[in-house]
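Shown next, in structure tokens, is the structure this report addresses.
The values are calculated or read from the model by the stated rules, or taken from the named source; none is laboratory data. Predicted, not measured: the structure shown is a model, and the values here were computed from it. Note: ideal-geometry Cβ built from the backbone for every residue, glycine included; neighbour counts use all protein chains shown. Side chains included, ligands, DNA and RNA excluded: accessible areas come from the protein's heavy atoms. Shrake-Rupley method; radii C 1.70, N 1.55, O 1.52, S 1.80 Å.
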Amino acid sequence: MKITKELWGTSPDGKEIFLYKMENAKGAYVKLCSVGAAIVSIVVPDKEGRLDDVVIGYPNALDYFADGPCSGKIPGRYANRIAKGKFTLDGVEYTLPVNNGPNHLHGGPKGFQNQVWDSRIEGDAVEFMYFSADGEAGFPGNLKTVAHYIWGEDNALKLVLTAQTDAPTVVNLTNHVYFNLDGEGSGSVLEHKLELNASQWLPTDPTLIPLGESEDVAGTPMDFVEAKPIGQDIKADFPALKYGKGYDNCYLIDGAMPGQLTPAAELWGPKSGRHLEVLTTQPAVQIYTGNWLKGCPAGKNGHTYTDYDAVAIECQHCPDSPNNPAFPSTVLRPGEVLEEAIIWAFD
């Protein structure tokens, strides 16, 4: 594995931004940057062996700050939404920035995704670290988060996320990378086929906060138990699809067990023949079909992205878990180590 590092820019507050390239013996490679520990590029072969970049992103480091899509980055301290920007832990109520309608999203406007992480090459891996101080964005406890990326000779990218705290807090971590398996900038992903290992989903209110109970996907447009084109039902007369102008919904992964890798999703690019399998230790996956990509920063290679040009498959815990005791807990306490993994395997 060949890993290189270069200075890619400087943040508005003067921090150096680094770009890493991890290339395997077949020439397939991944690029990562220290803004939000972001996945900038994943370049893998199609059915003819032609290499192409299959994730959207930007040509300039500064474009990764405060971009609407949160492209390729690790949001935090709490990915996804917390209702009304409030939660109670051990009898104490905490107030967070409200930045998504009436709710808190992705750690707020100064979340992990908009920070420059410390970074280094660690053997055959690239590692990023972010220290979130007690009270940052309203969350309790000093939190140390590490993102450890490994790129394999088999064209599989593995991300291990760990976190430790010195006071009780809540944590939900994912990566918000967007895929277009026919190549970034190639147009809509609505013809991509998606399959989810999920027979249950979480209905929400119009602000995308879960109502509290999961429901069967069977008989609804939310059903991806068998592979189908993303766009097949996206315009259906169904509340969830109208709330978000497409899919922006959390699915519960069938058979998920803490610490155990479980298949979450599969995606097929119809033109390229590329196939992606996603596995994770997390209990849920948020599917977001890029419903609001239009107006984001200019893309790589002179491309302009518009709505539905890529899909995010975000392995995580459930939205608003701190306010829903029935959901898998996102509470992290001193002495514990949060450890979650996501694998994106391409062929």
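Values computed for the structure shown
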item	result
q = 0.16 Å⁻¹, the stretch 230-347: log10 I(q)/I(0) [Debye, one scatterer per Cα]	-0.94
Asp118-Glu16 pseudo-label distance in nm [points 7 Å out on the Cα-to-Cβ vector]	1.4
Cut-off 18 Å (backbone N to label point 7 Å along Cα→Cβ of Gln260), residues of the stretch 148-177	none
R0 of 41 Å, Cβ-Cβ distance Met1-Asn301: FRET efficiency to nearest 0.05	0.95
Shape box of the stretch 103-235 [Cα atoms, principal axes, largest first, Å]	46, 41, 25
Simple Cβ-charge dipole of the chain, Lys/Arg +1 and Asp/Glu -1, about Cα centre, in debye nearest 20	700
Accessible carbon and sulfur surface of the stretch 67-153 relative to its total accessible area, %, 1.4 Å	52
Selected from Ser321, Asn301, Leu332, residue furthest toward positive end of dipole (the stretch 250-347; charges at beta carbon)	Asn301
q = 0.09, 0.15 Å⁻¹, the chain: log10 I(q)/I(0) [Debye, one scatterer per Cα]	-0.43, -1.34
Residue-averaged [θ]222 nm for the chain, counting only DSSP H segments that reach four residues, each worth -39500 (n - 2.57)	-500 deg cm²/dmol
Whole-number D in µm²/s for the stretch 34-163 (Stokes-Einstein; Kirkwood sum over Cα pairs; 20 °C, 1.002 mPa s)	132
Vicinal HN-Hα couplings computed from phi for the stretch 173-179 (Karplus, 6.51 cos²θ - 1.76 cosθ + 1.60; Hz; Gly/Pro x)	10, 8, 10, 9, 6, 10, 10
Convex hull (Cα only) mean projected area of the stretch 221-268, reported in nm² to one decimal	4.1
Positive-end residue, the stretch 42-106 charge dipole about Cα centroid, Cβ charges, pick of His106, Phe87, Ile74	Phe87
For the stretch 54-148, size of Cβ-based charge dipole, Lys and Arg +1, Asp and Glu -1, in debye	340
